[in-house]
1. So which of 34, 115 is closer than 19 Å to residue 129 by Cβ and not in a helix (DSSP H, G or I)?
2. For residues that are part of a helix (DSSP H, G or I) and either surrounded by fewer than 18 Cβ atoms within 10 Å (Cβ to Cβ) or more than 19 Å from the chain's Cα centre (by Cα) (or both), tally how many sit in segment 46-66.
3. Scan 46, 158 and give me the residue that is free of Cβ contacts under 8 Å to residues at least 60 places away in the same chain, under 20 Å from residue 208 (Cα atoms) and out of contact with any helix residue (DSSP H, G or I) (no Cβ under 8 Å at 6 or more places or on another chain).
4. Could you grab me the full set of residues in segment 125-150 that are touching a strand residue (DSSP E or B) at 6+ places or on another chain (Cβ under 7 Å) and either more than 29 Å from residue 62 (Cβ to Cβ) or without any contact (Cβ under 8 Å) to a residue 12 or more places away in the chain (or both)?
5. With respect to the numbered conditions (1) without any contact (Cβ under 8 Å) to a residue 60 or more places away in the chain; (2) over 20 Å from the mean Cα position of the chain (by Cα); (3) outside any helix (DSSP H, G or I), which one is the sole condition not fulfilled by residue 14?
6. Touching a strand residue (DSSP E or B) at 6+ places or on another chain (Cβ under 9 Å), buried (at least 24 other Cβ atoms within 10 Å of the Cβ) and in contact (Cβ under 8 Å) with a residue 12 or more places away in the chain, is that true of residue 39?
């Protein structure tokens, strides 16, 4: 799909990675509607990019429906909004679990349902689901987060098959650890020296590439990390044990501690 002149709804535009996506999409000629909870962050970005702003809390089910009703004519949905959910499952209350499931999984599914139907009727469109490498390979201290990201992968794969031939594409993007912005960066956790990271702009470039080339899945991470994920898909128990031995539990604790401190 050529993005020039296309309308794009981008959720989760307040964060640094979302802002990088917005700028990349704008540079590709797209007309943007930006959503998030903090309009004081969205409005300067919207002014810079001549974008529209809709304040929305995607944990509010009525707000998700209302957002879809205001954006029926969008050509592209980029479902980027997500909540951090690292840590032991027993550290989350039921309300916390519901909120993570609603924002990270339910909202993208509902938006894809409501906006995707309009795209199919027009015979053109694209849906991008922002998953994570944690949606391909599990790690300690990420059971809830991984559940939402694995869910997006399964949903996206099946939906892409369902929409084959309709003119509507579906892509799933899988970032690894991202520096300078996003959940990992904001947690303050430190990685082992041999674990590489990506930039927000690399994630944004992958989103645009997925839309333009109608790619089913795009991993955004250094080669060594992508290879590790492939190995984990083939031998999950072995890789999980290795990850624990090289400090996976410490990293999970640091991420969980940093994320919980910012709740």
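The values are calculated or read from the model by the stated rules, or taken from the named source; none is laboratory data. Quantities reported herein were computed from a predicted structural model and do not represent experimental measurements. All Cβ positions, even for glycine, are placed from backbone atoms using ideal geometry, and neighbour counts span all protein chains on display.
1. Working: 115 fails: not in a helix (DSSP H, G or I).
Step by step, each of 34, 115 is checked, and only 34 is closer than 19 Å to residue 129 by Cβ and not in a helix (DSSP H, G or I).
2. Of all residues in segment 46-66, those part of a helix (DSSP H, G or I) come to 46-49, 61-66.
Now drop any that are not either surrounded by fewer than 18 Cβ atoms within 10 Å (Cβ to Cβ) or more than 19 Å from the chain's Cα centre (by Cα) (or both), which leaves 46-49, 61-63, 65-66.
Count: 9.
3. Values: 158 fails: under 20 Å from residue 208 (Cα atoms).
Answer to the selection: 46.
4. In the first step, residues of segment 125-150 are kept if they are touching a strand residue (DSSP E or B) at 6+ places or on another chain (Cβ under 7 Å); the result is 125-133, 135-136.
Scanning segment 125-150 gives 133, 136.
5. Status for residue 14: all satisfied but (2).
6. On the way: touching a strand residue (DSSP E or B) at 6+ places or on another chain (Cβ under 9 Å): yes; buried (at least 24 other Cβ atoms within 10 Å of the Cβ): no; in contact (Cβ under 8 Å) with a residue 12 or more places away in the chain: yes.
Criteria not met by residue 39.
Residues checked against (1) surrounded by fewer than 16 Cβ atoms within 10 Å (Cβ to Cβ); (2) within 14 Å of the chain's Cα centre (by Cα); (3) at pLDDT 95 or above; (4) over 20 Å from residue 88 (Cβ atoms):
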position	(1), (2), (3), (4)
156	no, yes, yes, yes
187	no, no, no, no
194	yes, no, no, yes
218	no, yes, yes, yes
254	no, no, no, no
257	yes, no, no, no
